[in-house]
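My structure is below; once you've seen it, I'll send some questions.
The values are calculated or read from the model by the stated rules, or taken from the named source; none is laboratory data. Owing to the predicted nature of the structure, the values given are computational and were not obtained by experimental measurement. Glycine also receives a Cβ, built like all others from the backbone with ideal geometry; neighbour counts cover every protein chain displayed. The protein model used for the area step is the full one, side chains on, heavy atoms only, and it has no ligands, DNA or RNA in it. Shrake-Rupley method; radii C 1.70, N 1.55, O 1.52, S 1.80 Å.
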Amino acid sequence: MERTLILVKPDAIQRGLIGKIIERFERKGLKIIGMKMMSLDDAIVKEHYAHLADKPFFAGLSKFMRSSPIIALSIEGVEVVNAVRLLCGITKSRAAEAGSIRGDYAMSVSCNVVHASDSVENAEMEVKRFFREEELFSYEKSEYMHVYAEDER
Ligand code: IDP
Ligand code: MG
């Protein structure tokens, strides 16, 4: 089963959007298997955004990601990596689809309220980066049955 990583970023924490953002994932019927508040240090930001290390905005991005605690979430389900990316909307918030989280809550490219893993391979690494195995929970979620047809489970 796929797992993905979501971060509720510092701008969302500052703006009091934690509940509204988590609600989007619950509303979709997704199963949260891990959730915690944490402060990021320099090392984890560098590792998480290694693909952007040589960009001119990296120093600002790093400072932003360390400016408040974040909420890390892990969600598990059928094709959840793509489903969660669609819910979040594209990186450039001003052009993000209305109805997506970024489309509804952000205007900034850097302060775009959420992170979501962009591929199944990256998601596996990112979930491990932010959660120890014992911080992830295995349980039956009753709504699950309404969300997936038998052959999708
Ligand atoms: P993603 O978050 O949609 O996966 P990435 O390209 O992986 O987008 O970039 C990671 C994060 O870096 C973005 O969410 C945003 O916070 C920041 N970022 C990306 N491009 C820019 C930019 O051009 N200027 C400022 N910040 C950026
Ligand atoms: Mg990315």
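Looking only at the range 30-68, filter to residues that are outside any strand (DSSP E or B) and among the basic types (Lys, Arg); which one of those is surrounded by the most Cβ atoms within 10 Å (Cβ to Cβ)?
Filtering first and then ranking leaves Arg66.
Closer than 17 Å to Lys9 by Cβ, of a type in the set (D, E, K, R) and either open to solvent by less than 30 Å² (accessible area, probe 1.4 Å) or more than 14 Å from the chain's Cα centre (by Cα) (or both) - does that describe any residue in the range 101-113?
yes
If you don't mind, another one. Identify, please: which residue in the range 116-139 is of a type in the set (Asp, Glu) and without any contact (Cβ under 8 Å) to a residue 40 or more places away in the chain and is, among those, farthest from Arg85 (Cα to Cα)?
So the residue we want is Glu134.
Out of the residues in the range 34-62 meeting the condition of being touching a residue at least 60 places away in the same chain (Cβ under 8 Å) and out of contact with any helix residue (DSSP H, G or I) (no Cβ under 6 Å at 6 or more places or on another chain), tell me which one is nearest to ligand 2 (Cβ to nearest atom).
Residue satisfying both the conditions and the ranking: His48.
I need every pair where a residue in the range 103-115 that is more than 21 Å from Leu40 (Cβ to Cβ) has its Cβ under 7 Å from the Cβ of a residue that is within 15 Å of ligand 2 (Cβ to nearest atom), sequence separation at least 6 or different chains.
Gly103/Gly89; Gly103/Ala96; Met107/Ser93
How many residues does the range 105-123 hold that are in contact with a strand residue (DSSP E or B) (Cβ under 7 Å, 6 or more places away or on another chain) and more than 13 Å from ligand 1 (Cβ to nearest atom)?
Total meeting the criteria: 1.
Here is a further query. On the given criteria, is Ile13 among the hydrophobic types (A, V, I, L, M, F, W, C) and farther than 21 Å from Glu124 by Cβ?
Yes, satisfied.
While we're looking at this one, here's another question. Would you pick out the residues in the range 82-96 that are open to solvent by 10 Å² or more (accessible area, probe 1.4 Å) and in a helix (DSSP H, G or I)?
Across the range 82-96, the qualifying residues are Asn82, Ala83, Arg85, Leu86, Leu87, Arg94, Ala95.
Being open to solvent by 70 Å² or more (accessible area, probe 1.4 Å) and within 16 Å of ligand 1 (Cβ to nearest atom): is that true of Ile71 here?
No.
Let me ask something else. Checking Ala72 against (1) small (Gly, Ala, Ser); (2) under 16 Å from the mean Cα position of the chain (by Cα); (3) more than 18 Å from Phe130 (Cα to Cα); (4) not in a helix (DSSP H, G or I), only one condition comes out false. Which one?
With respect to (1) small (Gly, Ala, Ser); (2) under 16 Å from the mean Cα position of the chain (by Cα); (3) more than 18 Å from Phe130 (Cα to Cα); (4) not in a helix (DSSP H, G or I), Ala72 is out only on (3).
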